[in-house]
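The values are calculated or read from the model by the stated rules, or taken from the named source; none is laboratory data. Since this is a predicted model, take the numbers as computed values, not measurements. Glycine also receives a Cβ, built like all others from the backbone with ideal geometry; neighbour counts cover every protein chain displayed.
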Amino acid sequence: MATDDARPVTVRRGRPAAPGLASGPLRRLDEGDGATSARDAGPPEREAADLRDAMAAAAADLADLTAAAGDDADAEGMLAFQLALLEDEALSEPAFAAIAAGAPADAAFRAALDAQVADYAAAEDAYFRARAADLADLRDRVLRRLAGEAEEAIPGDAILVARDLPPSRFLAVAWAGGGLALGRGSTTSHVAILARARGVPMVVGVDADGLEDGRPALLDGEAGTLVVEPDPAAAAAFAARRAESDGRRAREETFLARPAVTADGERVRVLINIAGPEELAGIDPAHTDGVGLVRTEFLFDGRHHLPDEEEQLAVYRRILDLAGGRPVTVRTLDAGGDKPVPGLTRPGESNPFLGVRGVRLSLRRPEVFTVQLRALARAATAGPLKVMVPMVSVPEEMERCRALLDAAVADLAAAGVPAARPPLGMMVEVPAAALAVAAFPADFYSIGSNDLIQYTMAASRDEPELADLARPTAAVMELIARVAVHGAATGREVSLCGDLAGEREHVADLLAAGLRTLSVTPTAVAAVKAAVAGWSARP
Ligand code: PEP
Ligand code: MG
């Protein structure tokens, strides 16, 4: 092991989940902290009374957290869900029954809640599946109380490192300049939503093995890195960047609530990309021009059955509702490549990015594709919904999609089910589509720069070592401009919904290429609007 004065710098890479830079000592929060004690069973009356007291103490904790959450509706919703569960006798009944039969309170409560967590985790409905983590969090809170542990104060100025962190523990931290690095967790989890809303830098997918408590660390929520034991020069450079970034973000925030307008007064539309309705919960729809990309893979991910028409319909309607009358573009399933769906995508493809993904897969599985098209056509009666097809490479694919959508609408009409024919557009993310864009029968186009770059540059989007190739080179920009010109000439909307649209340093180039609609990750809206405001078409 290295000595104190010669500790090597450690750099761990993950994925950015909430922007910003943080520095501070590492603080490890290991899963199940405080929830592992095992007690011997006392008399059943005593065990039952202790469990009741622990549940009451947990309820009081949740009430305190709710009061501290102020007007944060998202946080309040999560805490209210946990409180309602705690008050639901059906939840604790099996625990009290086990206690009456001689089980110790902690084992009884854990077993009862574990069964519920498993039920939620296996639910058909994505909403209930997402609640499994909240239920597990509630279980651990009651068990900590049962073990007589006071809620441990988590320092808000540290870099917290954990495998995962339940939302209520995030909310219990008095954040003061610290950040969060998680091994698991996703950029769309509740914690990530809370972190973005509260300006807490966060990175997910960080390997925390071997990281020791108390070591100085730098967390970069923009690059997605955690640096432990930085050398003095790196720490000073980071501090300077942080000061600059804090100032810049404060300036950019002033653009958030305003429409995006260039320095010449031209209106630019800024929409957001989401991967499920939860992401809209913490967002004021008035700050955006709508949802430019709904990635529907979340509906198909990690489940036993493919989602049926009713389940999909409910989700699409919910998104339309949350968007408050603004347009919503839903992308049909883009499984394959880096997004395998068990039971649907082909295992063992030698090159999945060039394999049966996106529309190629949907057209090979019309029984799955038609369910999605029917749900979308039905949802289209509830608001301004548009449908977009991923990975289109030849015009025939669009023709076949149009025919399937028209047939779905006709079938619904014949059965007397209310439905509408939404506009059908395509993603332009394969160079062949950008080069021959005029040949494709699409109502609108949305450029997927993530894939367009990787296919144009022959540089995998998930290979960090090729980052110098996988960028918007002149060749990529020429393809983008080509699509924008075609859209302007034919009066069809062209947007760009890849990550490039949300990178402030590229906004000027995209506007110069002729784009006037950008769809970005929700955290980038203010920065993109600020960049738009600074751009002029005049040389
Ligand atoms: C893209 O390729 O730019 C895009 C938006 O799609 P995804 O990142 O989901 O492949
Ligand atoms: Mg793509």
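Structure summary
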| item | result |
| --- | --- |
| Filter result (away from ligand 1 (no atom under 12 Å from the Cβ), of a type outside the set (Gly, Ala, Ser) and out of contact with any helix residue (DSSP H, G or I) (no Cβ under 6 Å at 6 or more places or on another chain)) within region 427-444 | Leu435, Asp443, Phe444 |
| Check on Ser393, closer than 16 Å to Gly425 by Cβ, within 16 Å of ligand 1 (Cβ to nearest atom) and part of a helix (DSSP H, G or I) | no |
| Failed condition for Gly185, given (1) modelled with pLDDT under 90; (2) closer than 25 Å to Ala527 by Cβ; (3) in contact with a Pro (Cβ under 9 Å, 6 or more places away or on another chain) | (3) |
| Test: Val387 is away from ligand 1 (no atom under 13 Å from the Cβ) and either part of a helix (DSSP H, G or I) or touching a strand residue (DSSP E or B) at 6+ places or on another chain (Cβ under 7 Å) (or both) | yes |
| Yes/no for Gly358 being within 16 Å of ligand 1 (Cβ to nearest atom), surrounded by 17 or more Cβ atoms within 10 Å (Cβ to Cβ) and farther than 23 Å from Arg374 by Cα | no |
| Condition met for Leu344 (in a loop (DSSP other than H, G, I, E, B), touching a helix residue (DSSP H, G or I) at 6+ places or on another chain (Cβ under 9 Å) and assigned by TED's automatic domain parsing to the domain that holds Glu278) | yes |
| Inter-residue pairs, beta-carbon under 6 Å, first free of Cβ contacts under 8 Å to residues at least 40 places away in the same chain and in region 345-371, second in a helix (DSSP H, G or I) and polar (S, T, N, Q), 6+ apart | Phe369/Ser362 |
| Selected residue (only one of Leu218, Leu256, Leu271 is within 30 Å of Asp321 (Cβ to Cβ) and touching a helix residue (DSSP H, G or I) at 6+ places or on another chain (Cβ under 8 Å)) | Leu256 |
| Selected residue (criterion: farthest from ligand 1 (Cβ to nearest atom)) from residues of region 445-462 that are assigned to a helix (DSSP H, G or I) and β-branched (Val, Ile, Thr) | Thr456 |
| Residue match in region 476-485 (condition: buried (at least 20 other Cβ atoms within 10 Å of the Cβ), within 14 Å of ligand 1 (Cβ to nearest atom), modelled with pLDDT under 95 and not basic (Lys, Arg)) | no |
| Unmet criterion (only one of (1) touching a Phe, Trp or Tyr at 6+ places or on another chain (Cβ under 8 Å); (2) buried (at least 16 other Cβ atoms within 10 Å of the Cβ)) for Asp338 | (2) |
| Filter result for the condition that a residue is free of Cβ contacts under 8 Å to residues at least 12 places away in the same chain and either surrounded by 23 or more Cβ atoms within 10 Å (Cβ to Cβ) or not in a strand (DSSP E or B) (or both), over Ala413, Ala442, Ala408, Ala420 | Ala413 |
| Count - residues of region 442-462 that are more than 22 Å from Arg295 (Cα to Cα) and away from ligand 2 (no atom under 14 Å from the Cβ) | 3 |
| Subset tally (residues that are farther than 17 Å from Arg144 by Cβ and part of a helix (DSSP H, G or I)) for region 51-108 | 23 |
| Matching option when the condition is at pLDDT 95 or above, within 12 Å of ligand 2 (Cβ to nearest atom) and surrounded by 17 or more Cβ atoms within 10 Å (Cβ to Cβ), among Arg326, Arg331 | Arg331 |
| Odd one out for His506 among (1) surrounded by fewer than 17 Cβ atoms within 10 Å (Cβ to Cβ); (2) more than 16 Å from ligand 2 (Cβ to nearest atom) | (1) |
| The lone exception for Gly265 - which of (1) part of a helix (DSSP H, G or I); (2) outside the structural domain of Gly199 (by TED's automatic domain parsing); (3) surrounded by fewer than 20 Cβ atoms within 10 Å (Cβ to Cβ) it fails | (1) |
| Options Leu435, Leu363: the member that is surrounded by fewer than 17 Cβ atoms within 10 Å (Cβ to Cβ), more than 16 Å from ligand 2 (Cβ to nearest atom) and over 29 Å from the mean Cα position of the chain (by Cα) | Leu435 |
| Any chance Glu465 is outside any loop (DSSP other than H, G, I, E, B) and under 30 Å from the mean Cα position of the chain (by Cα) | yes |
| Helices (runs of 4 or more DSSP H) completely within region 161-260 that count 3 or more residues being within 30 Å of Asp140 (Cβ to Cβ) and under 22 Å from the mean Cα position of the chain (by Cα) | 167-171, 190-198 |
| Test: residue in region 467-475 that is under 20 Å from Met388 (Cα atoms), surrounded by fewer than 17 Cβ atoms within 10 Å (Cβ to Cβ) and touching a helix residue (DSSP H, G or I) at 6+ places or on another chain (Cβ under 7 Å) | no |
| Positions within region 338-352 being within 15 Å of ligand 2 (Cβ to nearest atom) and at pLDDT 85 or above, in sequence order | Thr345, Pro352 |
